[in-house]
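Working notes, beginning with the structure itself.
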């Protein structure tokens, strides 16, 4: 009874700290929302209303129909119509147009006579990924038009693969970002906030008094991290809800399993946070270590932003020790593929081993004295 | 109740404590008197089971500070040298939190903390960060007392506190002692020494003397007088160069001059007039704790030299 009482008053005290510190509140609730919105809407690889210019030297049925299709696809908007070929470079210099389409004279006639395609696509490749995307989308639309007009050509042309994107059929990048953002935020809340809050007790001198109390260091730490465990769960739940309701991201697999895996990742992060707090004595260093040693690797080396397969071998090996790397695989398996534990038991096992190791080391490193 | 035997402790090359021994009896108000950096806080931390001494051993209420630190922590109230409360919690919240940490409630031992807490009551909804220095210390004292410890360790509780609050604080301490709690307190203020049952004079990690304040003063072997003159700096310089002087220290608005035998006031007056200090006042006085402290320091430097 006594220890339960003690535990709750610890939790209450910690919640008061959080509620009364604007900076903590901002990190806990402002950043997760900002990140999800940022990654969901702003930082996107999807093509949406890209400005294009058109130089139409044919002014015939073909050029009009293709232009119409391009503009009604939703991927492109018309910036302006150009008059002379030299305008093309000038238009890119101005930097507004991302893609320029030039129809040669007698475009439709030549096409129908089977003399080939008198069409020229020019893309602004200062952003190469974007240029690729634009050209691919535009080519697809144009090819489709040609096939409709000249079904006979289909046989003459070499076989084109029919591509279907599984699990993310419309290739929405938000499906990629949600698991990544979730792992970053859970790392932030669990590891950084707990290490800062423990370091704060050391800085304030309150840790000295707590140490001299009958409470064991393990009890102090557990009571201190519990509120952050709760908050992390709340954060994870709201990210999933936001992904589901706002961005239409499916949760194919078991929600319960998802919850358990999230909990496992949170506990691993908490272990990291406690470990950091045993190494530092000020809030400042706790924050710096968390940011540099945890946040950056979680963002860069987890496969969240950069594909692990494309990394140099050395970095690939380094990714093995990043908990988020395994967590991302699990989350995508559950949410997008809807498969069960049989498909990601290996990742779960690795994460669980990391979790036990980190919690074990950090609890062992807790001191009963000042030195 | 507290026993320290030949305790030494170093931090790197800095030797904080040199073979310190002391005993505090049950229900005693024991003062550790010495300037900042004398090693008082280190000794407190060793007794509070927070540090392990390099040499020697200590026991509190019969428990060894290393082996049985757990038992000691149940019975100890400790107030560290720096402010150690949660600045963003209110007075009431701080107290309730510490009560639960020690497995008790504010109500259970309210009688004991009442005299202290009564003064804080009007501010109970104020955050600890917004309290005055004196109030902060009273709150810290309430928190250290909340579980009715057998022993109270107070590390410089009155440092940085105004004179009135200091006086109030010491009155509270004597009340707590009457409730049967042994108190070990440290302070850099010599005038507070007289309020203790026994004191240890502390300097450079060593104990110079342990006794009751009265006995410590009685051990003063020199003759002492207070000399006043408008130019205090010149007076000090002149007195130090007087052949009969044993030592001379500035003391408030006067200079305390000690000599090994009773001096002739007129002779000194003449000497001072001769050295451009006419009309100075000379008064024979009784030594205080600080005079004895300075005498001990003087002896120590002489033996070292």
task: Kindly work out what percent of the DSSP beta bridges joining two residues of the stretch A:50-166 are antiparallel, to the nearest 5.
output: 30 percent
- request: Determine, from the Cβ-Cβ distance of residue A:71 and residue A:117 and an R0 of 22 Å, the FRET efficiency 1/(1 + (r/R0)^6), rounded to the nearest 0.05.
  value: 0.70
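Of the peptides A:211-219, B:86-94, how do they stack up when ordered by the mean number of other Cβ atoms within 10 Å, highest first? Kindly include the intermediate steps, with their values, before the conclusion.
Values: A:211-219: 18.1, B:86-94: 20.2.
With the highest mean Cβ count within 10 Å placed first, the list reads B:86-94, A:211-219.
Calculate, in nm to one decimal, what residue A:369 and residue A:23 gain on full extension: separation in residues at 0.36 nm each, minus their alpha carbon distance.
Values: separation 346, 0.36 × 346 = 124.56 nm, distance 3.05 nm.
Result: 121.5 nm gained on full extension.
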- request: Based on alpha-carbon positions alone, could you give the equivalent ellipsoid semi-axes of the stretch B:199-294 from the gyration tensor, as √(5λ), descending, whole Å?
  value: 27, 13, 11
- request: Could I have the simple spin-label model distance between residue B:240 and residue A:148, label points 7 Å from Cα toward Cβ, reported in nm to one decimal?
  value: 10.4 nm
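Counting each DSSP H run of 4 or more residues in chain A as -39500 (n - 2.57), what helix-only mean residue ellipticity at 222 nm follows after dividing by all residues, to the nearest 500 deg cm²/dmol?
Rounded to the nearest 500, it is -18500 deg cm²/dmol.
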- prompt: What is the helix-to-structure angle for B:163-178, meaning the angle in degrees between its Cα long axis and the longest Cα principal axis of chain B, kept from 0 to 90 and rounded to the nearest 10?
  reply: 60 degrees
query: At a Förster radius of 56 Å, what calculated FRET efficiency corresponds to the Cβ-Cβ distance of residue A:247 and residue A:203, to the nearest 0.05?
result: 0.90
- line: Across all Cα atoms of the stretch A:272-332, Rg and the largest Cα-Cα distance (Dmax), in Å, are 13.2, 39
message: Using all alpha carbons of the stretch A:231-338, what is the percent of pairwise distances in each 5 Å bin, ordered from the shortest bin to the longest?
response: 2, 11, 17, 21, 19, 16, 9, 4, 1
task: Could you tell me how many degrees, from 0 to 90 and to the nearest 10, lie between the Cα long axis of helix A:323-332 and the main elongation axis, the longest principal axis, of the Cα atoms of chain A?
output: 50 degrees
- prompt: Roughly how tilted is helix A:174-187, in degrees to the nearest 10 and between 0 and 90, from the longest Cα axis of chain A?
  reply: 20 degrees
statement: Taking a crude spin-label model, label points 7 Å out from Cα along the C-beta direction, the residue A:238 to residue A:337 distance in nm is 3.1 nm
query: Stretch residue B:233-residue B:215 to full length: gain in nm at 0.36 nm per residue minus the Cα-Cα span?
result: 3.3 nm
field: Calculated FRET value between residue A:81 and residue A:106, using beta carbons and R₀ = 22 Å, to 0.05
entry: 0.75
Ratio Rg/Rh, restricted to the stretch A:50-166 and using Cα atoms, in which Rh is the Kirkwood radius: 0.97
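What order do you get for B:73-85, B:253-265, B:152-164 when each peptide is scored by the mean count of other beta carbon atoms within 10 Å, highest first? Mind showing how you got there, number by number?
Numbers: B:73-85: 21.2, B:253-265: 15.8, B:152-164: 19.2.
Ranked from most to least packed, the peptides come out as B:73-85, B:152-164, B:253-265.
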- line: Scaled by the rule-of-thumb 2.2 N^0.38 Å, the alpha carbon Rg for the stretch B:1-159 gives a ratio of 1.09
message: Can you classify the stretch B:131-254 as rounded, prolate or oblate using the Cα gyration tensor, where a ≥ b ≥ c are the square roots of its eigenvalues, rounded means a/c under 1.5, and otherwise it's prolate if a/b beats b/c and oblate if not?
response: prolate
field: Pairs of Cα atoms farther than 14 Å apart, the stretch A:325-371, %
entry: 60 percent
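How big, on average over all directions, is the shadow cast by the Cα convex hull of the stretch A:174-370, in nm²? Don't jump to the answer; show the numbers that get you there.
Numbers: hull surface 45.0 nm².
Value for the stretch A:174-370: 11.3 nm².
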statement: Here the whole-number average of other chain Cβ atoms within 10 Å per Cβ of A:212-218 is 6
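At 222 nm, what helix-only mean residue ellipticity would chain B give, in deg cm²/dmol to the nearest 500, using -39500 (n - 2.57) for each DSSP H run of four or more?
Working: 10 runs with 107 residues, N = 305.
After summing the helix terms and dividing by residue count, I get -10500 deg cm²/dmol.
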- prompt: Over the stretch B:178-227, what lengths in whole Å, largest first, do the semi-axes of the equivalent ellipsoid take, defined as the square roots of 5 times the eigenvalues of the alpha-carbon gyration tensor?
  reply: 23, 14, 11
query: Averaged over peptide B:103-111, how many Cβ atoms belonging to another chain are found within 10 Å of each residue's Cβ?
result: 1
message: If Rh is defined by the Kirkwood formula over all Cα pairs and Rg also comes from Cα, what ratio Rg/Rh do you get for chain A?
response: 1.14
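With a ≥ b ≥ c taken as the square roots of the eigenvalues of the C-alpha gyration tensor of the stretch A:50-105, please select rounded if a/c is under 1.5 and otherwise prolate if a/b is larger than b/c or oblate if it is not?
Values: a/c = 3.00, a/b = 1.15, b/c = 2.62.
Cα axes put the stretch A:50-105 in the oblate bin.
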For residues of A:203-210, the mean tally of beta carbons on other chains within 10 Å: 6
Distant alpha-carbon pairs in chain B (separation over 31 angstrom), percent: 40 percent
statement: Expressed in angstrom, Rg and Dmax over the Cα atoms of the protein assembly as shown are 39.0, 135
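Read-outs: derived from the displayed coordinates by stated rules, not from any lab. No experiment lies behind these values; they were computed from the predicted model shown. We place every Cβ from the backbone using ideal geometry, glycine too, and count neighbours over all the protein chains shown.
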